[in-house]
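Every number in this text was worked out from the coordinates using simple rules, so none of it is lab data. Worth saying up front: this structure is predicted, and the values here are computed from it rather than measured. In this analysis, Cβ positions are derived from the backbone assuming ideal geometry, glycine residues included, and neighbour counts consider all displayed protein chains.
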Amino acid sequence: MIEQSDDRLRVTVPMVIGNARALLEAGRSRLAAGGETLFDLESVAEADSAALTLVFAWARSAQANGGSLRVANPPASLLSLADLYGVSEFLPLA
């Protein structure tokens, strides 16, 4: 689901509503230590609006723990949805 890969956390499953709760908790547990965290979404083959919710929720969790979050290799569908909803400038892209 979320794997440690060098200095990155790689999301390895679709970021869709069916996986959202499990991804939210898995991401939050990885953010508990604080510091800067890079989520790599290169392996995400499918993303719906839940993906935006997850990224923003993880960013809030990181901030609450005194850290920050960056997202690398976002899928085109995530970027398209962010543009559609007018939130592109709020995505914490690496």
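In nm, to one decimal, how far is the modelled label at Glu3 from the one at Arg70, with both set 7 Å along Cα→Cβ?
Rounded to a tenth, the inter-label distance reads 2.2 nm.
Within the set of other residues whose C-beta is less than 15 Å from the C-beta of Ala76, count the net charge using Lys and Arg as +1 and Asp and Glu as -1. Intermediate results must be reported in sequence, preceding the final value.
On the way: positive: none; negative: Glu42, Glu46, Asp48, Asp83.
Value of the local net charge: -4.
If I model a spin label as a point 7 Å beyond the Cα along the Cα-Cβ vector, how far apart are those points for Ala45 and Leu24 in nm?
Taking the simple label geometry, Ala45 and Leu24 are separated by 2.6 nm.
For Val87 and Ala33, what does the FRET efficiency come to when R0 = 41 Å and r is the distance between their Cβ atoms, rounded to the nearest 0.05?
Efficiency computed from Cβ-Cβ geometry: 0.90.
So, counting K/R as plus one and D/E as minus one, what does the shell of residues with Cβ under 13 Å around Gln63 add up to?
On the way: positive: Arg28, Arg60, Arg70; negative: Glu36.
Around Gln63, the surrounding residues sum to +2.
Starting from the amide H of Ser5, placed 1.01 Å from N in the peptide plane, find each other amide H under 5 Å away whose residue is 5 or more places distant or on another chain.
Long-range HN contacts for Ser5: Arg10.
For the stretch 58-74, in order, what is each residue's ³J(HN,Hα) by Karplus, 6.51 cos²θ - 1.76 cosθ + 1.60 with θ = phi - 60°, in whole Hz (x at glycine and Pro)?
5, 4, 5, 5, 4, 5, 5, 9, x, x, 9, 9, 10, 10, 10, 6, x
Using alpha-carbon positions, what is the distance between the centroids of the stretch 38-66 and the stretch 71-94, in Å?
10 Å
Once the piece of chain linking Ala94 and Ala57 is laid out straight, how much longer is it, given 0.36 nm per residue of separation minus the C-alpha distance between them?
11.6 nm
Kindly write out, for the stretch 38-55 in residue order, the coupling ³J(HN,Hα) from the Karplus curve 6.51 cos²θ - 1.76 cosθ + 1.60 (θ = phi - 60°), rounded to whole Hz, with x marking Gly and Pro.
With coefficients 6.51, -1.76 and 1.60, one gets 10, 9, 9, 9, 4, 8, 7, 8, 9, 9, 10, 4, 4, 4, 5, 4, 4, 4 Hz.
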